[in-house]
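Remarks on the structure that follows.
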Amino acid sequence: MSEPSILYEAREGVGIVTLNRPEVLNAFTPDMLDLLHDTLHRATDEGQRAILLTGAGRAFSAGQDLASIQDQYVDGGPDFVSLLREHFHPVLRAIRMLDVPIIAAVNGVAAGAGMSVALACDIRIAAENARFATAFTKIGLVPDAGMAHTLPRLVGFGRANWMLMQADPVDAATALSIGLVDRVVAADVFATEAFALARQFAAGPTRAYALTRQLLDSAATTSFDHLLDLEADVQAAAGATEDHRAAVAAFLAKQPPTFHGR
Ligand code: LHQ
């Protein structure tokens, strides 16, 4: 039997999700995307408090599997609308709506929709050999899987525009300097460091992380005035958590806080 296209392991509160088609640089097929979607929910249903998303082999993901749609370039061509709406978008929506933080551990090249998936995650840690290739215009396509939204917010409009139009790959050091990733670590310690980072988030105030994401996403499309109203409501939700109350008590007692994700 062939290996599953998505591997899953739970360790110390972290759901480790691995894209697993290394022979094609973890390029996505519809089945793989559906399994990825289900696996993200499996991790939260099981009560994991952070998700670490990474790739098997030398790549994070090369995006859409182009070979698997090659024979559809007849008549009308591949059905990109259903490919996106039925298979990519549920994954992207799940990532932005998770109850727990999700960390992309970009172990190698991330291209096209593979890069989009990494950009949708809350945090990115990259190995020093990682590369980011928007890739879309190189094959006559436009950015998808949310990248027209995520990329400019991370690196600013001008640089996003250049990266999408000119589309040469960006190395890890550059990615760090422009805010595309949060940390870069040496390849030999990458797996250990990525897990340590995920474990740190798994031990943190889970609700506050998810609500922070929600607030940032809302802020991107609303007025300052409306954001102030919204933040009051969201802060009320954060303020009602056990984690908040315990952290304030710990602070006043000059103790380190312990968070339980409630
Ligand atoms: C692949 C792929 C791949 C299949 C490497 N597919 N086999 C589009 C359409 C519709 C709706 C949904 O959304 C999208 C969004 C997209 O994602 S469009 C963008 C798709 N991705 C790309 O255009 C990237 C294509 N790949 C590359 O440019 C290179 O492979 C990169 C720069 C990622 C890595 O280059 P190398 O390190 O030189 O590796 P390689 O090219 O030799 O690839 C290794 C193998 O993986 C090779 O197979 P082989 O049998 O020769 O060993 C590639 O054919 C295969 N592979 N990407 N997307």
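The values are calculated or read from the model by the stated rules, or taken from the named source; none is laboratory data. Since the structure is predicted, the reported quantities are computational estimates derived from the model, not experimental observations. Don't worry about glycine lacking a Cβ; one is built from the backbone with ideal geometry, like all the others, and counts go over all protein chains shown. Just the protein is used for accessible areas: all its heavy atoms, side chains included, with ligands, DNA and RNA removed. Shrake-Rupley method; radii C 1.70, N 1.55, O 1.52, S 1.80 Å.
Hey, among 241, 150, which residue is open to solvent by less than 30 Å² (accessible area, probe 1.4 Å), over 27 Å from residue 63 (Cα atoms) and touching a helix residue (DSSP H, G or I) at 6+ places or on another chain (Cβ under 6 Å)?
241
Which of the following residues is more than 16 Å from the ligand (Cβ to nearest atom), open to solvent by 70 Å² or more (accessible area, probe 1.4 Å) and not basic (Lys, Arg): 122, 99, 79, 71?
None of the other options fit; the residue is 99.
So, residue 10, is that one in a strand (DSSP E or B), closer than 29 Å to residue 153 by Cβ and out of contact with any Gly (no Cβ under 7 Å at 6 or more places or on another chain) or not?
In short, no.
Given the conditions (1) open to solvent by less than 50 Å² (accessible area, probe 1.4 Å); (2) aliphatic (A, V, I, L, M); (3) over 17 Å from the mean Cα position of the chain (by Cα), and given that residue 252 satisfies all but one, which numbered condition is not satisfied?
Result: residue 252 fails condition (1) only.
Within the range 125-145, can you find the residues that are more than 11 Å from the ligand (Cβ to nearest atom) and either among the small types (Gly, Ala, Ser) or surrounded by fewer than 21 Cβ atoms within 10 Å (Cβ to Cβ) (or both)?
Within the range 125-145, 126, 127, 128, 130 qualify.
Given (1) surrounded by 15 or more Cβ atoms within 10 Å (Cβ to Cβ); (2) touching a residue at least 12 places away in the same chain (Cβ under 8 Å), identify the lone condition not met by residue 12.
Among (1) surrounded by 15 or more Cβ atoms within 10 Å (Cβ to Cβ); (2) touching a residue at least 12 places away in the same chain (Cβ under 8 Å), the lone unmet condition for residue 12 is (1).
Does any residue of the range 76-87 turn out to be under 30 Å from residue 262 (Cβ atoms) and either β-branched (Val, Ile, Thr) or part of a loop (DSSP other than H, G, I, E, B) (or both)?
Checking the range 76-87: not a single residue is under 30 Å from residue 262 (Cβ atoms) and either β-branched (Val, Ile, Thr) or part of a loop (DSSP other than H, G, I, E, B) (or both).
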